[in-house]
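The values are calculated or read from the model by the stated rules, or taken from the named source; none is laboratory data. Because the structure is a prediction, the values reported are computed rather than measured. A quick note on method: Cβ atoms are made from the backbone with ideal geometry, for glycine too, and the neighbour counts reach across all protein chains shown. We work out accessible area using only protein heavy atoms, side chains counted, and drop any ligands, DNA or RNA first. Shrake-Rupley method; radii C 1.70, N 1.55, O 1.52, S 1.80 Å.
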Amino acid sequence: MSSPVTQKSGLFDCRDAYVKTLEALGAADERIVAVVNDSVGSSKLGGFRDRFPERLINVGIAEQNMVGVGAGLANGGKVAFVSGASCFLTGRSLEQVKADVAYSQANVKLCGISSGVAYGELGPTHHSIEDVAWLRTMGDITVLVPADPWETEQCIRAAAAMDGPLFIRISRMGVPALPRPADASFTIGKAEVLREGGDGAILANGTMVCRALEAAEALAAQGISARVVNMCSMSPIDEEAILAAAQTGAIVTVEEHSVRGGLGSAVAEIVSQNTPCRMKILGFAGFQPTGSAEFLMEHSGLTAPNIAAALRGLLGR
Amino acid sequence: MPESRPRNGQTLAERAAFVREQARWIRKRALRMVFDARQGHPGGDLSATDALAALYFDVMRYDPADPRWAGRDRFILSKGHATGALYSTLALAGFFPQEELTTYMQPLSRLNGHPNRNKIPGVETNTGPLGHGMPVAVGIAIAAQIDKADYRTFIITGDGELQEGSNWEAAMTAGHRKLSSLTLIVDRNRLQQGAGTEDTVGLDPLDDKFRAFGWDVVEVDGHDIEALLPLLDGSIRHDKPLCIIANTVKGKGISFMENKASWHHGVPNAEQYEQAMKELDA
Ligand SMILES: Cc1ncc(C[n+]2csc(CCOP(=O)(O)OP(=O)(O)O)c2C)c(N)n1
Ligand SMILES: [Mg+2]
């Protein structure tokens with residue numbers, strides 16, 4: 001694994017970690033190609049295109065074609081990183097994702113750019129708050145939701161190293177680099193406990209992890225010890241970590257995604273059939289009104305204070 | 001502010017002059033919306049404005065007081081990102097108050113970056129993902145055919161947008177069914193988001209493609225209102241769907257924006273805004 005990152009100040013756009021890693025991988029492995037839908041700019045793949053012009057395939061504004069072409073490239077021995085706005089990559093091409101990629105077990109890496117509500121004012125057509133639910137139900141495709149630049153890099157490296165289909169959400173929302181021990185490592189299917197705690201647990205992924213940590217910090221000041229678990233790997237999912245969290249008796253889940261079918265649902269599927277515990281699922285209730293990404297998160301209570309309040313609510317404190 | 005209703009019994013030159021004044025207002029208003037919101041798609045607003053103005057201020061039959069009147073002509077902006085131009089047009093046509101344009105993309109405004117028919121009167125279907133307008137327009141035209149209704153259906157697509165296969169599935173259906181009430185205007189500005197269409201995935205020869213799919217095809221300067229009006233106003237009868245390839249300029253009317261991909265979703269600074277407004281007034 002690459003060099004560890006200790007906490008840095010400032011906010012990061014995870015697309016930068018994505019393209020930096022992809023370029024490094026591309027330099028070492030000629031099989032790596034990028035496929036885009038008029039999305040070189042929005043995927044920040046200009047650098048990759050300039051270095052490996054023949055390995056950047058722009059199919060135009062044609063997402064179904066893009067995903068199918070990715071599957072064909074995989075058939076021809078390439079490792080295809082198919083990169084476009086998450087809403088169109090998943091929604092428009094859902095059947096290509098299902099039949100050509102997941103069911104066919106093609107070696108395609110679907111990179112959903114600006115997932116969640118990153119497109120803010122461009123509205124529900126451009127929000128991608130259904131993607132994890134859609135892809136998670138297929139079972140035969142890895143689904144990853146990294147939280148910061150370090151984890152994004154690890155995910156992209158893991159994607160290239162494995163043979164088979166994968167979907168990764170790559171946010172452009174500014175996120176801090178999470179504090180991690182120097183020997184931190186990333187494994188697909190493993191959750192990451194970022195903070196120990198026994199009164200309750202906050203399970204989060206993607207852009208919500210930093211907010212979950214902030215909430216736990218606030219709760220600690222009030223005498224409540226909350227565990228924070230980073231659930232980057234949505235499929236396969238770490239059942240053990242979820243069941244351990246359920247042992248605390250209270251779980252709050254937080255995701256930049258619909259409350260239907262995402263992290264909250266995945267956790268509920270597991271705890272309800274094993275060790276039922278009280279739960280609160282935080283996310284988006286449905287199509288969002290007009291507003292910036294930050295506004296919409298506030299509007300739906302995806303903030304540290306509200307996460308803390310949700311856990312206090314479950315604990316009755 | 002120009003008058004906002006079409007006038008009848010005039011020469012083509014008078015009609016065109018009227019439409020041009022509306023178009024000027026729409027361009028200025030759209031640009032102000034983008035400037036104030038600090039986002040939007042000015043390039044595609046400006047290339048589509050003349051066709052929008054021709055439709056709403058000369059050609060189409062509609063009643064802003066009764067936006068879902070069954071006999072209305074239908075319009076679909078398939079390139080749903082051009083909301084600066086669309087909302088300005090709808091407000092000027094009387095579908096909602098012009099003052100509301102200042103709320104463009106503001107929190108909880110109904111004027112979202114892409115149009116929502118459940119919130120904005122005059123919008124037929126929610127667009128934003130490219131390649132959705134054509135199938136819906138074809139469905140409307142089939143409904144009109146079944147009902148022997150005389151309303152017409154107009155649609156504007158981008159040109160890059162035509163890389164989406166859904167357009168061609170719909171085009172095939174329209175050609176097969178001879179949907180003569182359907183008129184497609186392709187905003188042929190030759191640019192998409194990141195580059196030229198012909199440098200990305202070429203569309204030419206576009207006219208032959210539509211002809212092969214069973215359409216009548218005409219090419220026109222999309223900013224020449226006098227040329228556009230007779231093609232749109234029903235004075236020429238067609239027994240096939242009609243595709244108007246409107247050769248346009250992305251960013252039309254603002255010298256530093258014209259033909260530049262970077263103005264697809266660029267936002268002018270204060271100085272650029274001032275210059276742009278001057279040029280639009282000239
Ligand atoms: C399905 C889909 N893919 C990608 C996009 C992102 N996108 C928005 S506008 C645009 C370029 C459109 O080009 P064109 O159709 O030529 O429109 P115009 O030049 O008139 O702005 C792209 C790729 C989208 N809105 N929908
Ligand atoms: Mg174009």
Those residues that are within 16 Å of ligand 1 (Cβ to nearest atom) and part of a loop (DSSP other than H, G, I, E, B), I need them from the range B:5-50; list them, please.
-> B:Q39, B:G40, B:H41
Six or more apart or on different chains, Cβ under 6 Å: which pairs go from a residue in the range A:74-87 that's away from chain B (no Cβ under 14 Å) to one that's among the charged types (D, E, K, R) and open to solvent by 10 Å² or more (accessible area, probe 1.4 Å)? Could you list them?
-> A:K78/A:R31; A:V79/A:R31
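Let's see how each residue does on (1) of a type in the set (S, T, Y); (2) open to solvent by 30 Å² or more (accessible area, probe 1.4 Å); (3) at pLDDT 95 or above:
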{"site": "A:I237", "(1), (2), (3)": "no, yes, yes"}
{"site": "A:S272", "(1), (2), (3)": "yes, yes, yes"}
{"site": "A:Q288", "(1), (2), (3)": "no, no, yes"}
{"site": "A:S292", "(1), (2), (3)": "yes, yes, yes"}
{"site": "A:L302", "(1), (2), (3)": "no, no, yes"}
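Name the residues in the range A:299-317 that are of a type outside the set (A, V, I, L, M, F, W, C) and assigned to a helix (DSSP H, G or I), would you? Give the derivation first.
Pass one, the range A:299-317, residues of a type outside the set (A, V, I, L, M, F, W, C): A:299-301, A:303, A:305-306, A:312-313, A:316-317.
Answer for the range A:299-317, where residues must be of a type outside the set (A, V, I, L, M, F, W, C) and assigned to a helix (DSSP H, G or I): A:H299, A:P305, A:N306, A:R312, A:G313.
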For the range B:248-262, does any single residue satisfy the condition of being part of a helix (DSSP H, G or I), under 30 Å from A:K44 (Cα atoms) and not aliphatic (A, V, I, L, M)?
-> yes
Would you point out the residue of the range A:28-56, among those that are away from chain B (no Cβ under 14 Å) and open to solvent by 60 Å² or more (accessible area, probe 1.4 Å), that is nearest to ligand 2 (Cβ to nearest atom)?
-> A:E54
Could you give me the residue pairs with C-beta distances under 9 Å whose first residue belongs to the range B:248-259 and is without any contact (Cβ under 8 Å) to a residue 12 or more places away in the chain, whose second residue is surrounded by fewer than 24 Cβ atoms within 10 Å (Cβ to Cβ) and among the β-branched types (V, I, T) wherever it lies, and which are 6+ apart or on separate chains?
-> B:E258/B:V249
Quickly run through the range B:48-100 and pick out the residues that are in contact (Cβ under 8 Å) with a residue 60 or more places away in the chain, among the acidic types (D, E) and more than 16 Å from ligand 2 (Cβ to nearest atom).
-> B:D58, B:D73
Among the residues of the range A:143-168, the number that are surrounded by fewer than 21 Cβ atoms within 10 Å (Cβ to Cβ) and more than 13 Å from A:T21 (Cα to Cα) is 3
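Looking only at the range B:119-161, which residues are among the aliphatic types (A, V, I, L, M), within 16 Å of ligand 1 (Cβ to nearest atom) and under 20 Å from B:L55 (Cα atoms)?
B:M134, B:V136, B:A137, B:I155, B:I156, listed by residue number.
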Please work out which one of (1) touching a strand residue (DSSP E or B) at 6+ places or on another chain (Cβ under 7 Å); (2) away from every other protein chain (no Cβ under 14 Å) is the condition A:S272 fails and give its number.
-> (1)
Please find, among B:V249, B:V267, the residue that is within 16 Å of ligand 1 (Cβ to nearest atom) and touching an Asp or Glu at 6+ places or on another chain (Cβ under 6 Å).
-> B:V249
If you take the residues of the range A:7-27 that are small (G, A, S) and open to solvent by less than 20 Å² (accessible area, probe 1.4 Å), which of them is farthest from ligand 2 (Cβ to nearest atom)?
-> A:A17
Among the residues of the range B:180-214, count how many are surrounded by 22 or more Cβ atoms within 10 Å (Cβ to Cβ) and among the hydrophobic types (A, V, I, L, M, F, W, C).
-> 6
Which number in (1) within 30 Å of B:I142 (Cα to Cα); (2) modelled with pLDDT under 95 marks the one condition that B:L229 misses?
-> (2)
Which residues, taken from the range A:122-142, are touching a residue at least 40 places away in the same chain (Cβ under 8 Å) and either open to solvent by 30 Å² or more (accessible area, probe 1.4 Å) or assigned to a loop (DSSP other than H, G, I, E, B) (or both)?
-> A:G123, A:P124, A:H126, A:H127, A:I129, A:E130, A:W134, A:R136, A:T137, A:M138, A:G139, A:I141
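Considering only the range B:162-174, state which residues are away from ligand 1 (no atom under 12 Å from the Cβ) and buried (at least 17 other Cβ atoms within 10 Å of the Cβ). Steps first, please.
We begin by selecting, within the range B:162-174, every residue away from ligand 1 (no atom under 12 Å from the Cβ); these are B:168-174.
Correct list: B:A170, B:A171, B:T173, B:A174.
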Return yes or no: is A:E255 free of Cβ contacts under 8 Å to residues at least 12 places away in the same chain, closer than 20 Å to A:T137 by Cα, acidic (D, E) and outside the structural domain of A:V132 (by TED's automatic domain parsing)?
-> no
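Can you spot a residue in the range B:130-142 that is hydrophobic (A, V, I, L, M, F, W, C), within 16 Å of ligand 2 (Cβ to nearest atom) and more than 17 Å from B:N247 (Cα to Cα)?
Step one: list which residues in the range B:130-142 are hydrophobic (A, V, I, L, M, F, W, C), which gives B:130, B:134, B:136-138, B:140-142.
Then keep just the ones that are within 16 Å of ligand 2 (Cβ to nearest atom); that gives B:130, B:134.
Subsequent filtering for residues that are more than 17 Å from B:N247 (Cα to Cα) retains B:130, B:134.
Yes, the range B:130-142 has at least one match.
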If you go through the range B:77-112 one residue at a time, how many are under 14 Å from B:G40 (Cβ atoms) and surrounded by fewer than 24 Cβ atoms within 10 Å (Cβ to Cβ)?
-> 5
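Here is a list: A:D50, A:D29. Which entry is away from ligand 1 (no atom under 15 Å from the Cβ), at pLDDT 95 or above and more than 24 Å from A:E151 (Cβ to Cβ)? Give the steps one after another, and end with the answer.
Numbers: A:D29 fails: more than 24 Å from A:E151 (Cβ to Cβ).
On inspection, the qualifying residue turns out to be A:D50.
Looking at the range A:169-204 only, could you name the residues that are of a type outside the set (G, A, S), open to solvent by less than 10 Å² (accessible area, probe 1.4 Å) and closer than 30 Å to A:G41 by Cα? Steps first, please.
Here is the first cut: in the range A:169-204, the residues of a type outside the set (G, A, S) are A:169-170, A:172-173, A:175-176, A:178-181, A:183, A:186-188, A:190, A:192-196, A:199, A:202-203.
Remaining after also requiring open to solvent by less than 10 Å² (accessible area, probe 1.4 Å): A:170, A:175, A:178, A:202-203.
Scanning the range A:169-204 gives A:I170, A:V175, A:L178.
Condition test on A:V101, is it of a type in the set (A, V, I, L, M), in contact with a helix residue (DSSP H, G or I) (Cβ under 9 Å, 6 or more places away or on another chain) and within 30 Å of B:R190 (Cα to Cα)?
Working: of a type in the set (A, V, I, L, M): yes; in contact with a helix residue (DSSP H, G or I) (Cβ under 9 Å, 6 or more places away or on another chain): yes; within 30 Å of B:R190 (Cα to Cα): no.
Against the criterion (of a type in the set (A, V, I, L, M), in contact with a helix residue (DSSP H, G or I) (Cβ under 9 Å, 6 or more places away or on another chain) and within 30 Å of B:R190 (Cα to Cα)), A:V101 does not qualify.
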For the range B:90-139, which residues satisfy the criterion of being more than 14 Å from chain A (Cβ to nearest Cβ) and on the phi > 0 side of the Ramachandran plot?
-> B:G94, B:G122
